[in-house]
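Encoded as structure tokens, the structure appears first; notes follow it.
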Amino acid sequence: MEQTTFFQQDPRNIPLATRMRPRTLEEFVGQRHLLGEGKVLRRLIEEDRVSSMIFWGPPGVGKTTLARIIAGRTRSNFINFSAVTSGIKEIKEVMQQAEQGRRMGERTILFVDEIHRFNKAQQDAFLPFVEKGSIVLIGATTENPSFEVNSALLSRCKVFVLQALSVEDLTELLSRALHDPRGFGDQKVAMAPGTLEQIANFANGDARTALSTLEMVVLNGDRSGEETLVTPEILEQCTSRKSLLYDKTGEEHYNLISALHKSMRNSDPDAAIYWLARMLEAGEDPLYVARRLIRFASEDIGMADSRALEVAVAAYQASHFIGMPECNVTLTHAVVYLSMAPKSNSLYVAYEHAKTDAQKMLAEPVPLVIRNAPTRLMKDLHYGEGYQYAHNAAEKLTDMQCLPDSLQGRTYYRPTDQGSEARVKERLERIKAWKASRREQGRDDRK
């Protein structure tokens, strides 16, 4: 038996999330859309045909783990590189090593964690080596690569979007940690049914958070002989969530978001703030709430106050930037604004009526007058013939027909008298009256 020395780390002191990191594709949990049998990323890894790619997804979904699995399977040199601790000097040193390897017929895979932290100059340093094939670049990022990765570099990489892990995925991962010798497999851990699901709900799609929470509750469990008992009280203390039983995918989840929505619709800011607090303090994803506010801004307010949509989108962006708990006030700001704004569901009703017609009349032709005519043939077929350019008219209006003949005269948008929409209603009535007058005049001229 090898004795642990002063310089060796006791495996029990290594975080559970690190000990339980999947070593093979078979151990990997989640991302079935990429790693299921026959899926493209799985085939690339299994056949060691990995090309430059970007893994984009929230924290704790397996981006770095996938890179480690690739490292274990590839016949290439694998270099792990951190955007947090490395600069252009380190990049050039690694690129020189990769270039030497290429000349000797060796392939180098370079994994860059948090690639979005590199500035433009640092990212540009990779580009010539990716183009020459000196390296296969694998980047990991939690930010949208369309905004955070240079377009030239991004165009040479395949982007794989990793999704937040489901409660089922996380529960499977936690159960494995309880029974695997790398985790708590050599201990007797007792807990109430549903505890793992509660931890999985709390983790909000993040495997690292889920495993760290499990480790905390087990280490703080009540020990009786060889058994460790995890009680609901211990779970509550370790998560600081009194309402952890809130199920983000169950009935109560939908009851609370419904309560928030209906309170805002009824212009009741006090009730809306209460339901918002109930959700956030239960561990609800603030971005889920923010997305619902964006929908509400158009569905229940719409043209009555178009700034409501701006406020809701700004609240989403701010919540994304600062996260919980700081974004709770930002969401409260938006909830109160939406509650107090004038209400109109005209846009929602308009789309639903238009959708019904669109589904029933999918083959209605676009009127020739508003078809584009980029070719001679299309012009010969009368595409665009008689088109009236509104900007050329003094009133910036024409009486041109834009709906199909079968829907001529159909009205979908019926503005209310609420807030700013009252002005929209007045203008729309004037526009319709003007067009009706012009059409009537046209009929008289043809007689």
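The values are calculated or read from the model by the stated rules, or taken from the named source; none is laboratory data. In this text, all values refer to a predicted model and were calculated from it rather than measured experimentally. Reconstructed Cβ throughout: ideal geometry from the backbone, glycine too, with neighbour counts over all protein chains shown. Note: accessible area is taken over every heavy atom of the protein model, side chains too, but ligands, DNA and RNA are not part of it. Shrake-Rupley method; radii C 1.70, N 1.55, O 1.52, S 1.80 Å.
Return the residues of the stretch 369-387 that are within 42 Å of the chain's Cα centre (by Cα), surrounded by 10 or more Cβ atoms within 10 Å (Cβ to Cβ) and part of a loop (DSSP other than H, G, I, E, B); say none if nothing qualifies.
Passing the criteria: Arg371, Asn372, Ala373, Thr375, Tyr383, Gly384, Tyr387.
Condition check ((1) in a helix (DSSP H, G or I); (2) at pLDDT 80 or above; (3) open to solvent by less than 70 Å² (accessible area, probe 1.4 Å)) across all residues:
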site: Ala67; (1), (2), (3): yes, yes, yes
site: Phe111; (1), (2), (3): no, yes, yes
site: His116; (1), (2), (3): yes, yes, yes
site: Ala121; (1), (2), (3): yes, no, yes
site: Asp124; (1), (2), (3): yes, yes, yes
site: Pro128; (1), (2), (3): yes, yes, yes
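Restricting attention to the stretch 213-236, which residues are of a type outside the set (A, V, I, L, M, F, W, C) and open to solvent by less than 50 Å² (accessible area, probe 1.4 Å)?
Matches in the stretch 213-236: Thr213, Glu215, Gly221, Thr228, Thr231.
Go through the stretch 318-331 residue by residue and tally those that are more than 9 Å from Pro286 (Cβ to Cβ) and either open to solvent by less than 60 Å² (accessible area, probe 1.4 Å) or at pLDDT 95 or above (or both).
Total meeting the criteria: 2.
Condition (residue is under 22 Å from Asp180 (Cβ atoms) and in contact (Cβ under 8 Å) with a residue 24 or more places away in the chain) applied to the stretch 38-58: is it met by at least one residue?
The answer is no; no qualifying residue exists.
What is the number of the single condition among (1) closer than 20 Å to Pro22 by Cα; (2) of a type in the set (A, V, I, L, M, F, W, C); (3) open to solvent by 40 Å² or more (accessible area, probe 1.4 Å) that Met191 does not meet?
The number of the failed condition is (1).
Filtering the stretch 333-381 down to residues that are at pLDDT 90 or above and among the β-branched types (Val, Ile, Thr), which residue is farthest from Val289 (Cα to Cα)?
So the residue we want is Thr356.
Would you kindly identify the helices (runs of 4 or more DSSP H) lying entirely within the stretch 258-348 that contain at least 3 residues that are touching a Phe, Trp or Tyr at 6+ places or on another chain (Cβ under 8 Å)?
286-296, 307-322
Any residue in the stretch 412-432 that is at pLDDT below 95 sitting within a Cβ distance under 7 Å of a residue that is of a type in the set (Asp, Glu) and open to solvent by 40 Å² or more (accessible area, probe 1.4 Å)? List the pairs, counting only those 6 or more apart or interchain.
Matching pairs, first to second residue: Lys425/Asp417.
Does Ser339 qualify as being over 28 Å from Leu235 (Cα atoms), out of contact with any Gly (no Cβ under 6 Å at 6 or more places or on another chain), open to solvent by 50 Å² or more (accessible area, probe 1.4 Å) and touching a residue at least 60 places away in the same chain (Cβ under 8 Å)?
So Ser339 fails the test.
Of all residues in the stretch 216-240, count the ones that are touching a residue at least 40 places away in the same chain (Cβ under 8 Å) and in contact with a Cys (Cβ under 8 Å, 6 or more places away or on another chain).
Qualifying residue count, the stretch 216-240: 0.
Of everything in the stretch 416-436, what is part of a helix (DSSP H, G or I) and surrounded by 17 or more Cβ atoms within 10 Å (Cβ to Cβ)? Give them in sequence order.
Hits for the stretch 416-436 are Glu421, Val424, Lys425.
Gly105 fails exactly one of the following numbered conditions: (1) touching a residue at least 12 places away in the same chain (Cβ under 8 Å); (2) of a type outside the set (A, V, I, L, M, F, W, C); (3) on the phi > 0 side of the Ramachandran plot. What is the number of that condition?
(1)
Can you name the residue in the stretch 295-307 that is crowded, with 21+ Cβ neighbours inside 10 Å and within 22 Å of the chain's Cα centre (by Cα) and is also farthest from Leu276 (Cα to Cα) among such residues?
Across the stretch 295-307, the extreme among qualifying residues is Ala297.
Filtering the stretch 145-186 down to residues that are in a strand (DSSP E or B) and of a type outside the set (Val, Ile, Thr), which residue is surrounded by the fewest Cβ atoms within 10 Å (Cβ to Cβ)?
Per the criteria, the residue is Lys158.
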